[in-house]
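Okay, structure first, notes after.
The values are calculated or read from the model by the stated rules, or taken from the named source; none is laboratory data. Because the structure is a prediction, the values reported are computed rather than measured. Using ideal geometry, Cβ is built from the backbone for each residue, glycine included, and neighbour counts are taken over all protein chains shown.
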Amino acid sequence: MQLLDVLKDIDYRLIAGDPEKEIASVEYDSRKVSEGSLFVCVIGFNSDGHSFAMGAINNGASAIVVDSARSVYPDEELKAIASRYGISVVETADTHKYLADLSANFYGHPEKKLSVFGITGTKGKTTTAFMLREILEQSGRKTGLIGTVCNIIAGEKIHSEHTTPESKDLYDMMDSQIKYGSEDLVMEVSSQGLKLDRVRGITYRTAAFTNLYEDHIAPNEHPDMEDYLSCKLKIFDSCGTGLLNLDCSAADRVLSYCGDRVRLLTYAIEHDADFVARNLRPERRGHVTGTVFELDSVYYKGEIFVALPGKFNVYNALCAICSAYEEGIDIEDVKRALANISVPGRMQPIENSFGVNILVDYAHNAAALESALDTLREYTEGRLITVFGCGGNRSVSRRFEMGEVSGKMSDYTVITSDNPRKEEPDAIIANIITGISKTDGKYEVEPDRSKAIRLAINMAESGDTVIIAGKGHEDYQIFADRTIHFDDCQQAREAVIERESSV
């Protein structure tokens, strides 16, 4: 593709070189530049892409895009570099913003060929995205997924670096989806993805707002809750239908923001809405811990079983059901999908033959752990046994808080390591003990996480629940001098096999 075509409909200034230069790829990471690449100098929080421009040129870039706000490379210097290396140099007002436009042009606007379903909110994005993808797949539609746990592109799972990838990577994934023959893509849309124009140019068939809690308030994220909410609301600027949890704290702001501009479908448990869940009750089906509720809607009136526990997962199911309704999907496909849903590291069940409810969950702060334990108490006939640790080089107060929560709400706690990073595991554990010691909760310490998981599973009896909390979908453990492969689900399954084979 020629540079002119990649720049179509973008305001730019040609500083030097041939505008018809051939472009083989669009890159913002100089390490990925190869012969014929267009390198976009993105100014980020921690680094400035202009610092890597010469590296990109040496790697074979045929053109570079610079930012008009750059503090280096005046025009004359860029003209000299262009002449010396035979490259073209273009300037735009905001390279981060226009990276999306450049990528969209280069990949032939895949966003216009896909049905994209966006989900934003503080909690529930991952589970809702997996639910909706499962529903779409159940109805016979090839569907990709982009999110926190992983990306599923062209039928393959790919490691996820960010909840919402950088725009170039996102457009690359959408292009792969189309080549795979897919027409649908479910996306978790983070506040940062919206704030930093990573999803620029995308129109959503449905855009969902799950909830809002205090989170992501930090120098490199959002200065305050108002900025956090304002960024999330941007998802409704380009959507066909909006979906809103009417029970969430930001519901009035969303209703006001959307006004008459966006058609909204609402769902709730506590309020009257278009889709309402009533008479929730816990239910175990085999090794699956789930929830039954009665759906009251124009779509369907009747019982639905969700193969995940807790009220919060009913909200997630309602959100996915709203999208299914908009797509005209048969309710039987919806019911089958939700009855068999499994989300990596989100209340993920571990099958066993000894009658113990074993779950792996990502709960890694006090509020999440409290919610998980409160939910699981309803499903537990015997003891509630919790395995958890806390990450190093992270909030120390979190350790006290999680220790206190587990001590109050668990019948037994096995304190272990999480990702100690550059801290001593024993020091982190000592902080957790400080918190749990404020309670009457029984506990023991096993710093080796693998042994801790086996300890909890081997002590559990029929009717007990074991929750392995903190790491969820993560498949690694970070120490000061190394990072190793470590998967809580894999460890739990191995512990189950060992116990079953010893009988």
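Table for the structure above
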| read-out | value |
| --- | --- |
| Where Thr291 falls short, out of the listed (1) surrounded by fewer than 16 Cβ atoms within 10 Å (Cβ to Cβ); (2) under 29 Å from Asn365 (Cβ atoms); (3) touching a Lys or Arg at 6+ places or on another chain (Cβ under 8 Å) | (1) |
| Count of the stretch 359-393 residues which are among the aromatic types (Phe, Trp, Tyr) and assigned to a loop (DSSP other than H, G, I, E, B) | 2 |
| Of all residues making up the stretch 137-174, the number that are of a type in the set (Asp, Glu) and touching a Leu at 6+ places or on another chain (Cβ under 9 Å) | 1 |
| Filter pass, Ile135 being assigned to a strand (DSSP E or B), out of contact with any Phe, Trp or Tyr (no Cβ under 6 Å at 6 or more places or on another chain) and buried (at least 24 other Cβ atoms within 10 Å of the Cβ) | no |
| Residue ID - farthest from the chain's Cα centre (by Cα), chosen from residues in the stretch 301-315 that are part of a strand (DSSP E or B) and not charged (D, E, K, R) | Gly302 |
| Matching entry among Asp487, Asp440 (being modelled with pLDDT of 95 or more, within 28 Å of the chain's Cα centre (by Cα) and not small (Gly, Ala, Ser)) | Asp487 |
| The listed residue being buried (at least 22 other Cβ atoms within 10 Å of the Cβ), in a helix (DSSP H, G or I) and under 29 Å from the mean Cα position of the chain (by Cα), out of Ile468, Ile432 | Ile432 |
| Residue in the stretch 63-78 that is in contact with a Phe, Trp or Tyr (Cβ under 6 Å, 6 or more places away or on another chain), of a type outside the set (Ser, Thr, Tyr), buried (at least 22 other Cβ atoms within 10 Å of the Cβ) and within 29 Å of Ile146 (Cα to Cα) present | yes |
| Unique match (being more than 20 Å from Thr289 (Cα to Cα) and under 27 Å from the mean Cα position of the chain (by Cα)) among Arg421, Arg499, Arg454 | Arg421 |
| Top-ranked residue in the stretch 406-418 [being in a helix (DSSP H, G or I) and under 28 Å from the mean Cα position of the chain (by Cα); ranked as farthest from Tyr379 (Cα to Cα)] | Ser406 |
| Test for Glu498: is it under 27 Å from Lys157 (Cα atoms) and either assigned to a helix (DSSP H, G or I) or among the β-branched types (Val, Ile, Thr) (or both) | no |
| Candidate set from the stretch 32-45 (those that are touching a residue at least 12 places away in the same chain (Cβ under 8 Å) and surrounded by fewer than 22 Cβ atoms within 10 Å (Cβ to Cβ)); member that is farthest from His96 (Cα to Cα) | Glu35 |
| Verdict on Ser249 being within 18 Å of Leu194 (Cβ to Cβ), free of Cβ contacts under 8 Å to residues at least 60 places away in the same chain and of a type in the set (S, T, N, Q) | no |
| Pro309, sole failed condition from (1) surrounded by 20 or more Cβ atoms within 10 Å (Cβ to Cβ); (2) touching a helix residue (DSSP H, G or I) at 6+ places or on another chain (Cβ under 6 Å); (3) modelled with pLDDT of 95 or more; (4) of a type outside the set (Asp, Glu) | (3) |
| Residues located in the stretch 138-153, provided they are more than 18 Å from the chain's Cα centre (by Cα) and within 16 Å of Val116 (Cβ to Cβ) | Arg141, Lys142 |
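Residues checked against (1) crowded, with 24+ Cβ neighbours inside 10 Å; (2) under 29 Å from Gly286 (Cα atoms):
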site: Leu376; (1), (2): yes, yes
site: Glu381; (1), (2): no, yes
site: Val387; (1), (2): yes, yes
site: Phe400; (1), (2): no, no
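Results for (1) touching a strand residue (DSSP E or B) at 6+ places or on another chain (Cβ under 7 Å); (2) without any contact (Cβ under 8 Å) to a residue 60 or more places away in the chain; (3) at negative phi; (4) not β-branched (Val, Ile, Thr), shown as yes or no for each residue.
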position	(1), (2), (3), (4)
Val334	no, no, yes, no
Ser371	no, no, yes, yes
Cys390	no, no, yes, yes
Arg398	no, yes, yes, yes
Lys408	no, yes, yes, yes
Asp411	yes, yes, yes, yes
